[in-house]
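Accompanying notes for the structure given below.
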Amino acid sequence: MSDASQTRSAEIEAIAANFLQKKRFWPWDETDQAAFEAWLNEDVMHRVAFLRLEAGQERIERLVVLRPAAQAPQSPRRWTISNAFRAIAAVAMFAVIGLGGLYYFAPHQQTYSTAVGGQKILKLADGSRIELNTDTVLRMATGTRDRELWLDKGEAYFQVTHDATRPFVVNMGAHRVVDLGTKFLIRRNGRETTVSLLEGKARFDVASKDKPARSVLLTPGNVATVADGTLRLSKAPSKELATELSWRRGVLILNRTTLAAAASEFNRYNSGKLIVADSATAQLTMSGAFPTNDTEAFSDAVKDIFKLHVAHRGADTVISR
């Protein structure tokens with residue numbers, strides 16, 4: 001097995017051991033389950049590694065149960081927890097040693113998040129820079145040489161310092177982006193994920209339960225969108241991509257945008273929501289630049305331009321004819 005293959009196998013075993021330990025002994029919620037299932041579905045090697053560790057852990061636990069009775073007794077709870085942890089550790093260590101002793105512990109993760117309307121800039125030790133937009137959750141592997149991240153929701157702009165020996169990988173559920181030295185924007189909106197490449201190159205790996213996995217190489221101007229396993233690839237001019245990044249300046253730029261789409265964008269940044277009351281009004285289009293947190297400026301503009309009615313219902317604003 002090549003060094004690269006050994007490294008990849010060790011990474012998979014370490015992550016599998018981390019999931020196994022957390023699944024058995026720590027609080028486990030729907031978010032954890034979704035991340036676990038997404039990881040399993042990314043590669044058949046992931047599922048094989050986890051099942052192998054799980055089976056090995058169960059064998060060790062059975063051996064512990066059958067140990068000689070002459071050993072000093074322990075309380076049931078203390079015995080269960082301490083020996084189960086030793087079982088996990090033994091299985092994980094066995095897997096790691098069998099792969100050349102490359103990794104001894106599963107990687108830890110640091111979580112970064114922004115509130116609605118918030119933004120955050122992360123500066124990494126390798127010189128890379130990540131800007132998180134409103135209502136975003138990003139996790140990052142720590143304590144290893146790996147540069148692996150998980151965008152759980154929201155939007156982030158990545159400016160990556162290339163390192164051929166340490167790929168920069170961003171996971172989005174079952175999909176991932178592998179940086180080849182580039183600047184790119186990722187947005188997760190419900191079941192839809194969009195990757196826009198501004199500079200350099202990146203590989204977008206798309207996975208689906210019902211369709212074969214596929215990879216596309218993105219070049220500047222490429223916009224790749226995947227929803228329900230279907231991948232759409234388009235080309236956008238640099239001016240349009242710059243508009244997508246206007247949030248970095250706290251600005252929302254509209255270019256013949258429907259009022260429905262504009263309201264949806266404003267609602268990403270504000271707790272008080274814009275509501276377009278009827279379908280005819282929703283299809284009106286307008287252009288302009290507005291602060292992301294100034295829904296009043298937008299509602300005043302549509303009131304003057306289209307002679308619409310604007311009413312306030314608590315924190316929300318309703319626009320209608």
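Before moving on, here are some points about what is shown:
- Filter result for Gly200 (in the same structural domain as Gly117 (by TED's automatic domain parsing), crowded, with 16+ Cβ neighbours inside 10 Å and touching a strand residue (DSSP E or B) at 6+ places or on another chain (Cβ under 7 Å)): yes
- All of (1) touching a residue at least 24 places away in the same chain (Cβ under 8 Å); (2) part of a strand (DSSP E or B); (3) closer than 20 Å to Glu11 by Cα hold for Asp163 with one exception: (2).
- Within the stretch 240-264, being over 20 Å from Ile186 (Cβ atoms) and open to solvent by 60 Å² or more (accessible area, probe 1.4 Å) holds for Asn255, Arg256.
- Scanning the stretch 226-239 for residues that are in a strand (DSSP E or B) and out of contact with any Gly (no Cβ under 8 Å at 6 or more places or on another chain), we see that the one that is most open to solvent (accessible area, probe 1.4 Å) is Arg232.
- Looking only at the stretch 301-321, residues that are over 36 Å from the mean Cα position of the chain (by Cα) and of a type outside the set (Phe, Trp, Tyr) come to 10 in all.
- Selection status of Ala236, touching a strand residue (DSSP E or B) at 6+ places or on another chain (Cβ under 8 Å) and not assigned by TED's automatic domain parsing to the domain that holds Leu198: no
- Looking across the stretch 289-312 at every residue that is of a type in the set (A, V, I, L, M) and touching a Ser or Thr at 6+ places or on another chain (Cβ under 7 Å), the one that is surrounded by the fewest Cβ atoms within 10 Å (Cβ to Cβ) is identified as Val310.
- The listed residue being more than 27 Å from the chain's Cα centre (by Cα) and under 30 Å from Val206 (Cα atoms), out of Thr257, Thr281, Thr295: Thr257
- Long-range neighbours under 7 Å by Cβ, at least six apart or interchain, first residue more than 14 Å from Val216 (Cβ to Cβ) within the stretch 183-195, second among the small types (Gly, Ala, Ser): Lys183/Gly200; Leu185/Ser196; Ile186/Ala156; Arg188/Gly154; Arg191/Ala227; Glu192/Ala227
- Near pairs, Cβ below 6 angstrom, 6+ apart or cross-chain, from the stretch 113-124 (over 19 Å from Ser264 (Cβ atoms)) to any residue that is open to solvent by 40 Å² or more (accessible area, probe 1.4 Å): Lys123/Arg129
- Ala315 under 18 Å from Val116 (Cα atoms), surrounded by fewer than 16 Cβ atoms within 10 Å (Cβ to Cβ), outside the structural domain of Asn133 (by TED's automatic domain parsing) and among the aliphatic types (A, V, I, L, M): yes
- Those residues of the stretch 229-247 which are touching an Asp or Glu at 6+ places or on another chain (Cβ under 9 Å) and either polar (S, T, N, Q) or over 21 Å from Ala261 (Cα atoms) (or both), in sequence order: Gly229
- Pairs meeting the criteria (first residue in the stretch 227-252 and at negative phi, second residue surrounded by fewer than 11 Cβ atoms within 10 Å (Cβ to Cβ), beta carbons under 7 Å, at least 6 apart or on different chains) are Ala227/Arg191.
- The residue that is most open to solvent (accessible area, probe 1.4 Å), counting only those in the stretch 265-288 that are of a type in the set (Gly, Ala, Ser) and more than 26 Å from Lys153 (Cβ to Cβ), is Ser279.
- Residues that are open to solvent by 20 Å² or more (accessible area, probe 1.4 Å), out of contact with any His (no Cβ under 7 Å at 6 or more places or on another chain) and modelled with pLDDT under 90, drawn from the stretch 132-166: Thr144, Arg145, Asp146, His162, Asp163, Ala164, Thr165, Arg166
- Strands (runs of 3 or more DSSP E) contained entirely in the stretch 270-321, each with at least 2 residues that are touching a Gly at 6+ places or on another chain (Cβ under 8 Å): 316-320
The values are calculated or read from the model by the stated rules, or taken from the named source; none is laboratory data. On a predicted model such as this, the values are computed, not experimentally measured, just so you know. As a convention, Cβ positions derive from the backbone with ideal geometry for all residues, glycine included, and neighbour counts pool all protein chains shown. Protein only, heavy atoms only, side chains kept; ligands, DNA and RNA dropped before computing areas. Shrake-Rupley method; radii C 1.70, N 1.55, O 1.52, S 1.80 Å.
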